[in-house]
Structures are given as C-alpha cells and as structure tokens.
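Beneath this line is the structure, given in structure tokens, with notes to follow.
Please treat every number below as a calculation from the coordinates, not as lab data. Only a predicted model underlies this, so the values are computations on that prediction, with no experimental measurement involved. Note that we place each Cβ from the backbone using ideal geometry, even for glycine, and neighbour counts take in every protein chain shown.
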C-alpha cells in the first residue's frame, strides 16, 4: 500500500493575538483521506488545552476548530492498494 500524498495545505486562520497566546500549542487532527483525496471524518485527536490557564481554554478551543476547518481544505493524492485508490486514516500535527 502506498500512503496518501499531501498536495494542498491550508494553514489555520488565527489572529496574531491568539497565535501569540497559544505559541507552543500542538493540535493533532485525525482524518480519513477518501478515494478522491478529500478529507472526511475530521476531528481533534489531541490538543494542548490542558496546558493553558482556564481563561485561555476558550482560545485553544477556537484554535482547535480553526485547525479542523483548515484540514478540511487539504487535498491529497489518495492512497493506493494494488493500484486502486483506497481510503486511509491519517493524523496531521499542527504546531503553533
């Protein structure tokens, strides 16, 4: 099996202030790349929310949602199994 190849990547749309407050945050997004190279079942696998003060949790939730929105825009050359496109689950790590 040959894994999917990322051909288009969208960065999360985050304001400078939010980016400054969440520097060092890591969000891992899990998704399935379908047979057409599009993301499906996009969701947060892990987030650095536990590392922030209670006041900053809302900021990271926004970062999480914007990360999901960005990854939904990704495009891939689909994975192939015996020459046929196949869906495959992948994880994407986004560092801030």
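Could you compute the FRET efficiency for residue 81 and residue 30, with r as their C-beta to C-beta distance and R0 at 25 Å, rounded to 0.05?
Numbers: r = 20 Å, r/R0 = 0.80.
According to the calculation, E is roughly 0.80.
Helix 57-71 versus the longest principal axis of the chain: what is the Cα-based angle in degrees, 0 to 90, to the nearest 10?
Taking the Cα atoms of the chain, the angle to 57-71 is about 20 degrees.
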